[in-house]
Amino acid sequence: MFSNLNTNSTNALTEQQKKIIQNTTDKAETFVKDYYYHLYDTNRKEVVKLYKDISISIWNGTECKGITNIEKLLSEIPTSNHSVECYDCQPVTSDDPENPNILIVTSGKVTYNVQSSHSFHHTFLLIKDPTTQNLCISYDCLRLTS
Amino acid sequence: MSNNRTIKISGKKKGGANNKSRPIRQIHSNNNNSNNNNRSISRHKNKSIGSRAEYQKLIISPVPSSVDRNDLLNYIKQKAYRPNANFVKTEYKDQRLTIQVEKADDANAIVNLNNTRYRELQLSIIRDIRVTTQGGNKKEQILKERLTAAAISKVFEDHLKASYHNNPMKDAVDFSFINGSNPIVDFNSDKTDKLLFQIISKQCPKAVTVSFASNSITTLAPFKSMLRYSLDHVMNFNFSNNRISDLSELDYLSDLTLRELVFIGNPIALQPTYRMEVARRFPDLQILDSKPIGPEDFPPSPIPPLRANYCDAQERQQFAYKFLQKYLVAFDSERSSIINAYTPESRFSTTFVTDKGSNTRGTTKTYQRSSRNLKKTKNVQKNISLLFHGADQISNYFKLFPATSHHLTSSTIDTFLAPGSNSLIIIVHGHYLEKLFNTKRSYDRTFILAAAAPGSEAAKNGWEATILNEQLHIRSYLRFPRLEPQPNATPVAQAPTDINQEALVNQFSAATKLKPEFARECLSNNAWDYNQAYEVFQKVLTQGGIPATMYI
């Protein structure tokens, strides 16, 4: 039953749609592996460059709107070490059908200040920055889950 | 207490307490005699009739007493699954779990699991080829066990009768000092505690506080199984004046809902890190040993405070809460109806992770098969097929999803509008109960919603929003960390507005056929948690406690 369901679904998609999903997956992989957590753990100051002034970042229930507030929060969080154990992504319909926004959900373990260990769950939406055409974070929402 | 144990035997033999003990002893001794005489005959019987008459007996070892045997058994049933396999009996003794199955093929399937890993254990599974003691003896053994169980139950039942006149409405139940005067009731034994939980579940459906004080308890292991007895209403536990000496014993309580704990008079309470260890393990615990858990019970944290439910606007939080309420009630009780909350463009995917050593019950495979963890699978086709498109596909997927029961009131919900758009983001962190095995799972569920277009299928079916994207992350149950309230302290949108209440009352009344005023009362008694109210209703119903006048 389950395999039938899968075959049907794959067949129902056009090549174009499959390409978009693959493209989204590649971008998500780069973001998760090479950018966000890498910068967060090794070069925190660079992280803020992934945000725009309209961006919103929610850290365990605390809201940070815009570059200045996000920068301030980032500076308050002690040195970290993230280990992403699981991530997933989905295309989110945008104005440009060729380039959907990207929903990314990650989870794993994080250690702050070497000794304080937690599990985390993190949701992002990546959108295309209209001026630079690069991807940037529209919003992200982090929760420590242990 | 070793005194107690000898008293237990001699007391029984003398039969001073009640007459029941005498037959036990007689049966036992008769049995020994006849056993000797019959042994050769039995052996012949066994050989000639062979496996046809005897069940297949299998020995699993090592099984330390800390292992949840029900879970292990379920694991084996799942791993060695065969249609109509009949597990006749299980027995636990000396770190060995003996199971009996009816058919030789089922036994083969289980023996094939020899050397399989279960949590940290490597299990040896072998056939028990010893000549078993025969029929009469076995029956006597069963009878003996039944009599012991009956005697233990009677102690508890008599106690409830004497102390509470069997009043089913009592909210606090005291089982302290039972072991001292009734040595047969050993609170460290699984069997005793299971009988006790059954009785609490049946006779104390309203109990919030239960005391097990002064019962020579050394281990909390048997209390782990409380979850299986639908005792979620019990939130305050008194274990004072027992003999719990190891802080790791606390881990056995980790699946329970807790508000208050008392361990005064136990060796653990004297350990210097005691309060901190308890506070860390049970983030939802409010009071320990009659003293509220406070900031001093936590080590200083290097990170900013973790805050409760976030929302960028109060009305959006109300909207989100109302949506989730409708969605999760439908998901739990009438899952096919959620199809209308999705559109042909909706996208859904799910991920699943298990912690090492966590339980591997039957549903794990369902989650694993559909887990789209991009870190693990690089198979492009699989990743494409596990991103479900459109209401039909998503709804088909949920048909395979286990039956669940969500508790929205204990969830953490972040709600906000996506910058520069009209889509509403809701991220829920909570847990649900799998109804089949009473397994708790934690989940993190992200929704991207759009307002339902007037006249759309969604709107016609009462959905104010449709789901554009949804990601469901499932993991082993873990308590959520302790949260501080939002600084501007808007009350958490946990009590629905009047309009929502009205809708819930109608829904509840339709489902239960209760008159609206009683439906309202039942809901409000259960903090407007629909599922909880329904469970309570079912419980009262099975006890025959609802007069006809309360029905429509």
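What follows draws every value from the coordinates through simple rules; no lab data is involved. If you're wondering where the values come from, they're calculated on a predicted model, not measured in any experiment. FYI the Cβ positions are ideal-geometry reconstructions off the backbone, even for glycines, and counts take in every protein chain you see.
General remarks:
- 0 to 90° range, to nearest 10: angle between helix A:66-76 axis and chain A longest Cα axis: 60
- All other residues whose Cβ lies under 13 angstrom from that of A:LEU74 are scored, Lys and Arg at +1 and Asp and Glu at -1, for a net of -1.
- 13 Å Cα-Cα reach of B:LYS378 towards aspartates and glutamates, excluding residues that sit fewer than 8 places from it in its own chain: A:ASP26, A:GLU29, A:ASP88
- Under the convention that each Lys and Arg Cβ holds +1 and each Asp and Glu Cβ holds -1, the size of the dipole of the protein assembly as shown around its Cα centre is about 4080 debye.
- Those aspartates and glutamates that a straight Cα-Cα span of less than 14 Å connects to A:LYS45, excepting residues fewer than 8 apart in one chain: A:GLU71, A:GLU76
- Length, then width, then depth: along the principal axes, the Cα atoms of the range B:314-485 run 48, 43, 32 Å.
- With the simple spin-label model, which puts each label point 7 Å out from Cα in the Cβ direction, the B:LEU270 to B:MET550 separation comes to 4.9 nm.
- Taking every DSSP helix (H) stretch of at least 4 residues in chain A, weighting each as -39,500 (n - 2.57) and dividing the sum by the residue count yields a mean residue ellipticity at 222 nm of -9500 deg cm²/dmol.
- Per-q log10 I(q)/I(0), the range B:72-149, q = 0.27 Å⁻¹ (Debye; single scatterer per alpha-carbon; no solvent): -1.42
- Taking every alpha-carbon pair in the range B:295-334 and binning the separations at 10 Å intervals from zero gives 22, 28, 22, 24, 4 percent.
- Peptides B:231-238, A:21-28 ordered by average Cβ neighbours within 10 Å, highest first: B:231-238, A:21-28
- Cα pair distances exceeding 16 angstrom across the range B:419-469, given as percent: 58
- The orientation-averaged shadow of the Cα convex hull for the range B:163-209, equal to a quarter of the hull surface, comes to 3.4 nm².
- Per-pair calculated FRET efficiency, R0 = 22 Å: B:SER230 and B:MET169 via Cβ, rounded to 0.05: 0.80
- Packing around the peptides B:525-532, B:462-469, B:443-450, taken as the average count of other Cβ atoms within 10 Å per residue, puts them in this order, highest first: B:443-450, B:462-469, B:525-532.
- Per principal axis, descending, Cα span of the range A:15-144 in whole Å: 48, 30, 24
- With a 10 Å cut-off around each Cβ of A:48-60, the average count of Cβ atoms from other chains is 3.
- Set of aspartates and glutamates with alpha-carbon distance to A:LYS72 below 20 Å, sequence-local pairs under 8 removed: A:ASP41, A:GLU46, A:ASP53, A:GLU63, A:ASP140, B:ASP312
- Most fluctuating residue given options A:VAL114, A:VAL32, A:VAL48, as computed from a GNM of chain A linking Cα atoms under 10 Å: A:VAL114
- Cross-link pairs exceeding 27 Å between alpha carbons, from the set B:LYS194/B:LYS322; B:LYS515/B:LYS539; A:LYS19/B:LYS376; A:LYS109/B:LYS326; B:LYS161/B:LYS515: B:LYS194/B:LYS322; A:LYS109/B:LYS326; B:LYS161/B:LYS515.
- Dividing the helix sum by the residues of chain B, where each DSSP H run of 4 or more adds -39500 (n - 2.57), gives a mean residue ellipticity at 222 nm of -11500 deg cm²/dmol.
- For the protein assembly as shown: Kirkwood Rh in Å [reciprocal of mean 1/r, alpha carbons]: 28.6
- Partner shielding of B:344-353 amounts to 3, given as the average count of beta-carbon atoms from other chains within 10 Å of each residue beta-carbon.
- Once the C-beta distance of B:ILE142 and A:ASP53 is scaled by a Förster radius of 60 Å, the resulting FRET efficiency is 0.20 to the nearest 0.05.
- Taken over chain B, the convex hull of the Cα atoms encloses 197 Å³ per residue.
- B:SER248 paired with B:ILE184, simple spin-label distance in nm, labels 7 Å along Cα-to-beta-carbon: 3.5
- Annotation: amide H of B:LYS376 within the under-5 Å range of A:TYR87, sequence separation 5 or more or interchain, hydrogens built in the peptide plane.
- Shielding value for B:415-423 is 5, the average number of Cβ atoms from other chains within 10 Å of each residue's Cβ.
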